[in-house]
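Since the structure comes first, as structure tokens, the remarks are kept for the end.
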Amino acid sequence: MNITDPLSFHAGKLPLLISIPHAGTRLTPIVEAGLTSAARPLSDTDWHIPRLYEFARNMGASIVIGHYSRLVVDLNRPEDDQPLYTTATTGLFPATLFDGQPCFMAGKTPSPQERQSYLLQIWRPYHQQLQLELGRLKAKFGYALLLDAHSIASVIPRLFEGQLPDLNFGTNSGVSCAPSLSQQLIECCQRQSAFSHILNGRFKGGYITRAYGLPLNNQHAVQLELSQLNYMSETKPYSYLSERAIHLQQLLQQLIDTMLSWGEQQSHR
């Protein structure tokens, strides 16, 4: 099948690229026809993340956004679909939702050939865009910063116990960025008390963070998984809550300023 416009990209003026792989809601006809009633609301979408980070685009960050739902193909999983976590997780072509319910009706799963086309026409263009932009930033600034932006429901018993912290930073257990960068991000969070935070807790970073976080090559990646209750309704129709979101955006802007200041300091060493 022919898939057009799998992503949107904005080239900014800062050494920062924000990746938003899971905000897409587009479906292919075969996927749409096969979804279970539980899957049709697309509950596992990272709702409104482009809107939440619009301020960063205005600051001058580069942004790449995937247009297709992760139920078609998950842009934050490796091409070979090797598991990223030893605990419950979802794969390159998810079979279950986060709560464990099946995504597809019996006999309605897309064929291997169909899924191969999703890999070639959706997954690869997204990663090619990431690679091109990170290369451009490094050529221009001497280094590149990557923020992989996500969100998730605050309570998902199948994936984690209790309520998730508000901000969940992942650096592949300290491998995807310089320790001083993650330390400064955590110190930024510690200067406020409205939002809880954790580093390399349940979410240590998916494929994007692990593949493109290469600090020895002056390429630093951080995943930030946000608890959705701080900016939206966690039940259908998943409404954006502006009055709540603005407080979270203030902290997000401080975190992005921290990343940029850190990068500027490193470039002068």
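The values are calculated or read from the model by the stated rules, or taken from the named source; none is laboratory data. Keep in mind that what you see is a predicted model, and the values were worked out from it rather than measured. Glycine gets a Cβ as well: all are built from the backbone with ideal geometry, and neighbour counts include every protein chain shown. Ligands, DNA and RNA are stripped out before the accessible areas are found, and what is left, the full protein with its side chains, is counted by its heavy atoms. Shrake-Rupley method; radii C 1.70, N 1.55, O 1.52, S 1.80 Å.
Filtered by the rule that a residue be buried (at least 18 other Cβ atoms within 10 Å of the Cβ) and either over 21 Å from the mean Cα position of the chain (by Cα) or of a type in the set (A, V, I, L, M, F, W, C) (or both), region 195-207 gives LEU199, PHE203. Give the residue that is most open to solvent (accessible area, probe 1.4 Å), with candidates limited to residues of region 95-136 that are more than 21 Å from ILE65 (Cβ to Cβ) and of a type in the set (A, V, I, L, M). The qualifying residue most open to solvent (accessible area, probe 1.4 Å) is ALA106.
Matching residues to (1) in contact with a strand residue (DSSP E or B) (Cβ under 9 Å, 6 or more places away or on another chain); (2) farther than 24 Å from PRO237 by Cα:
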residue: ASN2; (1), (2): no, yes
residue: HIS10; (1), (2): yes, yes
residue: SER19; (1), (2): yes, yes
residue: ALA33; (1), (2): no, no
residue: GLY66; (1), (2): yes, no
residue: GLU114; (1), (2): no, yes
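Just the residues that are in contact (Cβ under 8 Å) with a residue 12 or more places away in the chain and either of a type in the set (Gly, Ala, Ser) or assigned to a strand (DSSP E or B) (or both), please, taken from region 133-143. Of everything in region 133-143, just one residue is in contact (Cβ under 8 Å) with a residue 12 or more places away in the chain and either of a type in the set (Gly, Ala, Ser) or assigned to a strand (DSSP E or B) (or both), namely GLY142.
Among the residues making up region 46-74, those that are open to solvent by less than 20 Å² (accessible area, probe 1.4 Å) and part of a strand (DSSP E or B) are SER62, ILE63, VAL64, GLY66. In region 26-45, the residue that is nearest to ASP99 (Cα to Cα) out of those that are open to solvent by 60 Å² or more (accessible area, probe 1.4 Å) and not in a loop (DSSP other than H, G, I, E, B) is GLU32.
If the condition is being open to solvent by less than 50 Å² (accessible area, probe 1.4 Å), in contact with a His (Cβ under 8 Å, 6 or more places away or on another chain) and under 23 Å from ALA245 (Cα atoms), then region 164-194 contributes PRO165, ASP166, LEU167, ASN168, PHE169, ILE186, CYS189. When region 144-176 is limited to residues that are over 17 Å from PHE195 (Cβ atoms) and in a strand (DSSP E or B), the one that is nearest to the chain's Cα centre (by Cα) turns out to be ASP148. For region 213-227, give me the residue count where each residue is outside any strand (DSSP E or B) and open to solvent by less than 10 Å² (accessible area, probe 1.4 Å). The total comes to 1.
Restrict the check to region 3-14 and report whether at least one residue is assigned to a strand (DSSP E or B), at pLDDT 95 or above and under 15 Å from TYR118 (Cβ atoms). Looking through region 3-14, at least one residue is assigned to a strand (DSSP E or B), at pLDDT 95 or above and under 15 Å from TYR118 (Cβ atoms).
Scan region 159-174 residue by residue and report those that are within 24 Å of LEU214 (Cβ to Cβ) and in contact (Cβ under 8 Å) with a residue 40 or more places away in the chain. Step through it out loud before you land on a result.
To start, the set of residues in region 159-174 that are within 24 Å of LEU214 (Cβ to Cβ) comprises 167-174.
Scanning region 159-174 gives LEU167, ASN168, PHE169, GLY170, THR171, ASN172.
Checked against (1) over 15 Å from the mean Cα position of the chain (by Cα); (2) open to solvent by 20 Å² or more (accessible area, probe 1.4 Å), ARG210 passes all but condition (1).
Return yes when ALA23 is buried (at least 18 other Cβ atoms within 10 Å of the Cβ), assigned to a helix (DSSP H, G or I) and either at pLDDT 95 or above or among the aliphatic types (A, V, I, L, M) (or both) and no when it is not. It would help to see each step written out before you state the result.
Details: buried (at least 18 other Cβ atoms within 10 Å of the Cβ): yes; assigned to a helix (DSSP H, G or I): no; either at pLDDT 95 or above or among the aliphatic types (A, V, I, L, M) (or both): yes.
So ALA23 does not fit the description; no.
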